Every structure is written in C-alpha cells, then in structure tokens.
1. Report the Stokes-Einstein translational diffusion coefficient (µm² s⁻¹, integer) for the range 153-224, Rh taken as the Kirkwood radius over Cα pairs, at 37 °C with viscosity 0.692 mPa s.
2. Using only the alpha-carbon atoms of the range 1-56, report the extent along each of the three principal axes, biggest first, to the nearest angstrom.
3. Nothing charged except the Cβ atoms of Lys and Arg (+1) and of Asp and Glu (-1): what's the magnitude of the dipole of the chain about its Cα centre? Round to the nearest 20 debye.
4. Nearest 20 debye, what's the magnitude of the dipole of the range 95-224 about its Cα centre given +1 on Lys and Arg Cβ and -1 on Asp and Glu Cβ?
5. Can you run phi through the Karplus equation (6.51, -1.76, 1.60; θ = phi - 60°) for the range 108-113 and list ³J(HN,Hα) in whole Hz, with x for Gly and Pro?
6. Between Gly35, Gly10, Ala20, whose Cα lies farthest towards the positive end of the dipole of the range 1-46 when Lys and Arg beta carbons carry +1 and Asp and Glu beta carbons carry -1, centred on the Cα centre?
7. Enumerate the lysines that Lys148 could reach by cross-link, defined here as Cα to Cα under 23 Å, with residues fewer than 8 away along the same chain left out.
8. In a solvent-free Debye calculation with one equal scatterer on each Cα, what is log10 I(q)/I(0) for the range 20-89 at q = 0.18 Å⁻¹, listed in the order of the q values?
Amino acid sequence: MSERNLVLLGPPGAGKGTQAERLIDDFDLPYYATGNILREAVEEGTELGREAKDYMDRGDLVPDELICRVIEERLDSGEADDGFLLDGFPRTIGQAEMLEEALERRGRSVTAALLIDTPDDEVIRRLSGRRTCVKAGHVYHVEFDPPKNEGVCDQDGSRLVQRDDDKPETIKKRLEVYHEQTEPLIEWYDERGLLRRFDGTRTPDEVHSHIRATLATLALEAEI
Ligand SMILES: [Zn+2]
C-alpha cells in the first residue's frame with residue numbers, strides 16, 4: 001500500500017477537524033495538529049518539548065524550525081510509516097519548503113494537500129452562530145444546533161455566551177491572516193500537482209466521501 005502523507009488546508013470553520021476525525025478512523029493515520037503535538041511534546045518532557053515550553057512560557061511563538069523538528073521526531077517514531085495527517089502546519093510557503101526537505105531526507109513526500117474550500121461569508125455564518133456555555137463549554141449553534149431555551153445550556157442550565165474567538169470581527173481578522181498566508185501556499189501545492197479541492201459548503205458526509213474517492217484514485221495511480 002502506498003503512503004498517505006496528507007496535509008489538510010482550509011479556513012477556520014471549514015470543518016477540518018470533523019474531516020480529520022473521519023480520515024483518522026478510515027485509515028488509522030496519526031494526526032498532527034500543531035497545537036496538539038507541541039502540547040504532547042511538552043507533557044512528555046522530551047528535549048524538543050522543553051525547548052518549545054521555553055517559548056510558550058515567554059508567550060512567544062514556537063519557531064517554524066522547532067515545530068518541524070517535533071513533526072520529524074514523530075515521523076521517525078514508526079507510527080507514521082503508512083502516512084500522517086497534518087493540520088495547521090504548513091501554513092506558509094516557508095513551512096511547506098521546510099516540510100518538503102524533512103520528508104525528502106527520509107525518501108518521502110506529501111501525497112496530497114486537501115483543501116476544504118469555504119467562502120468567507122459561510123465561515124462567518126458558521127462561527128459567529130456558535131454559543132458556548134460558561135460552565136462546561138458545551139457548544140451550540142443558533143441556526144444549526146440551537147438549545148431548547150435561547151441562551152441556556154440544555155445540559156447544565158448555565159448561560160450561553162459568544163466566545164471572543166467567535167465574534168465576527170475576530171473571525172474576519174483570522175480570515176485575513178488565512179488569505180494572506182495560506183493562499184500563496186495553496187498555489188504552491190497546486191503548482192506541484194498536489195492540491196485537491198473540496199467544496200466546504202457541502203455536508204460533512206459529502207465532503208468526506210469526496211475526499212475518500214479522491215484518495216482511492218491517488219492510491220490507484222501510485223500503484224500503476
Ligand atoms: Zn453546559
């Protein structure tokens with residue numbers, strides 16, 4: 001079987017997390033979301049983890065090069081021999097080049113960059129409708145998953161609020177950053193023939209089956 005070395009791309013609110021969960025289930029791939037693997041490295045107290053913690057404790061961004069080394073450590077652990085799913089890295093062309101070199105040194109390469117394309121207005125509609133309960137963080141959506149009583153958590157009766165992250169102004173800023181940094185990266189993968197686009201306005205089931213079909217085709221092509 002060919003490797004599935006996958007990069008997940010898309011704006012916040014595109015449903016990357018949902019698709020990631022399904023792909024991990026489908027193919028038993030390790031999932032490398034930047035925040036998670038850094039946190040795990042810190043918890044395990046590895047040398048890289050301690051280095052990363054120094055940056056985090058100071059409130060500084062963990063440098064690209066260090067994130068890449070954390071990913072490389074996981075690649076060399078044996079758990080990613082059949083593939084992996086990266087989410088949140090690479091986010092820029094510089095990071096993508098770093099990743100490409102790291103994979104090349106191991107005789108490997110990215111199989112596909114999966115872009116879940118979702119227009120800004122849809123992202124804003126999805127994220128700004130989220131309401132979170134103050135007590136336990138239960139999440140609702142005013143349109144897609146409303147609580148029985150407006151503004152009240154079904155599970156514990158606590159108040160529902162819109163988190164700062166879900167306020168339209170914050171979402172617009174995150175989208176600006178996304179367009180600025182990640183659109184050139186999308187082109188970069190496209191030029192290399194690695195980009196696969198999926199319509200993020202479709203239901204999660206539809207996006208998932210489209211991704212599966214695409215990966216099946218890629219696997220067939222790799223065997224020819
Ligand atoms: Zn609650």
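No value in this document is a laboratory result; all are computed from the given coordinates. Because the structure is predicted, anything quoted here is derived from the model rather than measured. Virtual Cβ from ideal backbone geometry, glycine too; neighbours counted across all protein chains shown.
1. Values: Rh = 16.0 Å.
Approximately 205 µm²/s, per Stokes-Einstein.
2. Computed over the Cα atoms, the extents are 35, 31, 15 Å.
3. On the way: 30 positive and 50 negative charges, 166 e Å.
So the dipole magnitude of the chain works out to roughly 800 debye.
4. Values: 20 positive and 28 negative charges, 120 e Å.
The dipole of the range 95-224 has a size of about 580 debye.
5. Once θ is set to phi - 60°, the couplings for the range 108-113 become 10, 7, 5, 7, 7, 9 Hz.
6. After comparing all options, I get Gly10.
7. In chain and number order, the partners are Lys135, Lys167.
8. -0.67
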